[in-house]
Amino acid sequence: MEFQTRQTGDAIEAHLSGRLEFTDHDRLRDIVALLETPKARRFVVDVSRLDFIDSAGLGMILILQEEAEQKNISMVVRGPRDDVKRSIDLAKIGEIVAIEG
Amino acid sequence: MSLSLTDSRVLIVDDNDFNRKSLALLIRRHGIAKIEFAVDGIDGLEKVKSFRPDLILLDVAMPNMDGLEMCRQLRRSVGHSELPILFQTAFDSDEEQVSCFEAGGSDFISKPIKPGECMARVRHQLERRKLFSNLNAFRDRVEKELRHAQAMQLSLLPESWRIQTIADRYCLSLDSHFETSSELGGDFWNVFELDDHRVGFLIVDFAGHGITAAINTFRLHTLIERIPADAQDPSAWLSALNLALKEVLPTGQFATAFYAILDIATNRLRYAGAGAPNPVLCVDGEPTLLDSAGFLLGMSRRAVYKNHEVAFPPGAYLFLYSDALVESPGRHSRPLGHDGVISLVRTAANQTPDAPLTSLVEFFFAEVDRPLRDDLTAIWVQRRRTEPLQDR
């Protein structure tokens, strides 16, 4: 998985691409660190260019959600498609994390 | 960092008695006491066998067999490819130094010997060897422990005699395949004799693999002892397991699951899913995917699960599997995907109706290389067409 960061106003955006899976666990720390950005109120995890997510990847999204909640930052997962959307729906992640089409 | 080198063994190969003695004096002064000598290459090869050195200080020009030839022979022999060999070269010539490396030397020291440089190089090579052997010993130990743990994990799964007994009791054909990716995995499955006409099937996959996932399968096993499989209500049981797992699992760790109760008296299959890959059901010759969407186990206290029910008459089959089956990339192709599973199941059932799972696994591994990146579990449950026993 690769990711790029963007900041607009009080929103931090992480644009993920490639495959988010078990072996990416070490990268998670880098994404969590984005939540330390001063004045960040909203956190957008853009997955529209993500091709694949496994169950460990879903776990990382849940960890991000928890980290964001602790910092009073509202998180949204944006633009899941194909296999990624299927996995998110299958696991009902949308009941816990805000998903934006 | 400074490792103790007192137990290191050094072989000095030199035809000159004075050189042997002065080198020995030097390295002994630095705490290395286990020293052996050889006078030429032939003697040197013998001493390598009997003395088993950790490092060789090797002269180049010697009678009978020179240092370069001795080094070449050692490098060709089993077990000495990594042995540090330090050449002593008389000339500071580029050509000779190159030939030392070409023969397989690890490094060289130039004559006349400069004590500081000599010891620095000896120490460097010995420390490196020691670190490598420590690392190897550590790896060997971890591998051994993983194999033990793997055996323990396999013991959580139903034994083949039990599977057979249950198959006979409920007039089923039951077959299973289980293999882990990196020695340990997060897959788990079991079958439960609920009463005379009801039998339950559970398949679970903890996120990730390796030690963490494996420990979670042990947790689940213990939980099932405490919260026995529900004979009526699959969703209620998944809810109970979810709450119990939520108590013990940190955020980000969870499991997908599917639990089905087969009632051979009513010919019904009742099931609930927790995000497991869609199982394949076949009732009338055409396999379809079952809805297994649901909250992952251990994800949320608010999770609710939904029961579904379908007809499951004699001849019908159910195929359960973990995501490795659909997500493992093929050698020349994309991963199977859920649609691919249907055709794989159909082909296996049509071609080898007596042992569909065996050929299904064969077809799968015709395309996918071992070792797998994720754990693979596959279970085939089929009702025999023969009439169930009448004494029920």
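Here, each number is a calculation from the coordinates, and none is a lab measurement. This structure is a prediction, so every number in the text was calculated from the model and none was measured. Methodologically, a virtual Cβ is constructed for each residue, glycine included, from the backbone with ideal geometry; neighbour enumeration extends over all protein chains shown.
Data overview
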{"quantity": "Angle in degrees between helix A:25-34 and the longest Cα principal axis of chain A, rounded to the nearest 10", "calculated": "30"}
{"quantity": "Candidates B:P53, B:P314, B:P329: whichever shows maximal mean-square fluctuation once chain B is modelled as a Gaussian network with Cα springs under 10 Å", "calculated": "B:P53"}
{"quantity": "Local net charge near B:R169, Cβ-Cβ under 10 Å (Lys/Arg +1, Asp/Glu -1)", "calculated": "-3"}
{"quantity": "Antiparallel DSSP beta bridges within chain B, percent to nearest 5", "calculated": "70"}
{"quantity": "Around B:E193: net Lys/Arg minus Asp/Glu count, Cβ-Cβ under 12 Å", "calculated": "0"}
{"quantity": "Derived scalar couplings ³J(HN,Hα) [region B:260-266; Karplus, 6.51 cos²θ - 1.76 cosθ + 1.60; whole Hz; x for Gly, Pro]", "calculated": "10, 10, 9, 10, 7, 7, 9"}
{"quantity": "Surrounding net charge for B:G79, when Lys and Arg each add one and Asp and Glu each subtract one, Cβ distance under 14 Å", "calculated": "+3"}
{"quantity": "Separation between Cα centres of region B:45-111 and region B:316-342, rounded to whole Å", "calculated": "55"}
{"quantity": "Relative contact order, percent, chain B [alpha-carbon distance under 8 Å, six or more residues apart]", "calculated": "13"}
{"quantity": "Burial ordering of B:M119, B:M152, A:M1, fewest other beta-carbon atoms within 10 Å first", "calculated": "B:M152, B:M119, A:M1"}
{"quantity": "Chain B: proportion of alpha-carbon pairs further apart than 40 angstrom, %", "calculated": "44"}
{"quantity": "Radius ratio Rg over Rh of chain A, counting only Cα atoms, Kirkwood formula for Rh", "calculated": "0.92"}
{"quantity": "Rounded to 10°, Cα long-axis angle of helix B:67-76 versus longest principal axis of chain B", "calculated": "10"}
{"quantity": "Total lysine pairs under 22 Å (Cα atoms) in region B:1-147, excluding pairs fewer than 8 apart on one chain", "calculated": "12"}
{"quantity": "Exposure proxy ranking, count of Cβ atoms within 10 Å, fewest first, for B:H308, A:H15", "calculated": "B:H308, A:H15"}
{"quantity": "Computed [θ] at 222 nm, helices only, for chain B once each DSSP H run of length n ≥ 4 contributes -39500 (n - 2.57)", "calculated": "-13000 deg cm²/dmol"}
{"quantity": "Phi-based couplings in Hz for region A:56-71 (Karplus 6.51, -1.76, 1.60; Gly and Pro marked x)", "calculated": "5, x, 4, x, 5, 5, 5, 5, 4, 4, 5, 4, 5, 4, 4, 9"}
{"quantity": "Pair-distance profile P(r), taking every C-alpha pair of the protein assembly as shown, with 10 angstrom steps and integer %", "calculated": "4, 16, 20, 15, 11, 13, 12, 7, 2, 0"}
{"quantity": "Amide hydrogen neighbours beyond the local backbone of B:R268, cut-off 5 Å, H modeled", "calculated": "B:D263, B:F312"}
{"quantity": "Lys/Arg +1, Asp/Glu -1 at C-beta; region B:248-379 dipole; positive extreme among B:T347, B:G330, B:A274", "calculated": "B:A274"}
{"quantity": "Residue among B:L25, B:L357, B:L157 with the largest mean-square fluctuation in a Gaussian network model of chain B, springs linking Cα atoms under 10 Å", "calculated": "B:L25"}
{"quantity": "Prolate/oblate/rounded call for region A:3-53, Cα gyration tensor, a/c under 1.5 rounded", "calculated": "oblate"}
{"quantity": "Nearest-ten-degree value, helix B:115-154 long axis tilted from longest Cα axis of chain B", "calculated": "20"}
